[in-house]
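The structure appears below as structure tokens.
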Amino acid sequence: MRSQDRARRAGTRPRSNHTLETALTTMRDLALFLMTHRGKDDWALVDVHDTEAFLATLPKARKRRLTVLRQFFRFARSQHIVLVDPTRNMTVKESNGFRGRTLTLDQQRGLFRRWTTDEYVHPHEALVGMLSAYKWTCATSYE
């Protein structure tokens, strides 16, 4: 809440109440998880395995929850509440690949033939199509 006041005084956009409530809810859930499932009642006892287990309870919320945990443990470390930040080397583990539908190989070949041989295809269609196919090929070759 102090950061909200600071942001208002500075003329920048403060965090919304909903954002703060979500962060507090995440921290409450972590505290309950640690007490009920891990038998820990001190922040200094939290380790990487505890945070991984907590994040695994809601996999779709992992990215947001990990952000909140990083913020908290960074603060806790600066206040000497914990000695080690258990979230320091954790990753989001989210795939960067395309998840949508793709064309079959025969459909791709048909489009390629159309773009390279059909004289009635607009040049912009052929250019955009070839560039997107090239980009997709480059992106998948690095995975």
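A compact table of results
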read-out	value
Net charge dipole size for the chain [Lys, Arg +1 and Asp, Glu -1 on Cβ; Debye, nearest 20]	560
Part-to-part distance (alpha-carbon centres) for segment 1-49 and segment 67-88, which is given in Å	11
Residues of type aspartates and glutamates that Lys60 reaches as a straight line, Cα spacing below 20 Å, ignoring anything fewer than 8 places off in the same chain	Glu21, Asp29, Asp50, Glu52, Glu94
Additional length obtainable on full extension of the chain from Ala126 to Ser78, 0.36 nm per residue less Cα span	11.7 nm
Helix 105-117 vs. the chain, principal-axis angle (Cα, 0 to 90°, nearest 10)	50
Rounded tilt (10° steps) of 17-33 against the dominant C-alpha axis of the chain	70
Cα lying deepest toward the dipole's positive end in the chain, options Leu127, Thr12, Ala56, charges on Cβ	Thr12
Potential lengthening between Arg8 and Met35 on full extension [0.36 nm per residue; Cα-Cα distance subtracted]	6.0 nm
DSSP-loop trypsin sites (Lys or Arg not before Pro) across segment 1-57, with at most 16 other Cβ within 10 angstrom	Arg15, Lys40
Selected from Arg65, Arg113, Arg77 as most flexible by GNM, with the chain as the system and alpha-carbon contacts under 10 Å	Arg113
Matching label, semi-axes √(5λ) of the Cα gyration tensor in Å computed from the structure shown, candidates [x] 48, 21, 13; [y] 26, 15, 13; [z] 25, 19, 15	[x]
Apportionment of accessible area to carbon and sulfur, the chain, percent (1.4 Å)	56
Probe 1.4 Å, protein heavy atoms only - accessible area per residue of the chain in square angstrom	80
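The values are calculated or read from the model by the stated rules, or taken from the named source; none is laboratory data. Since we're looking at a predicted model, the values are computed, not measured. Methodologically, a virtual Cβ is constructed for each residue, glycine included, from the backbone with ideal geometry; neighbour enumeration extends over all protein chains shown. Accessible surface areas use protein heavy atoms only, side chains included; no ligands, DNA or RNA. Shrake-Rupley method; radii C 1.70, N 1.55, O 1.52, S 1.80 Å.
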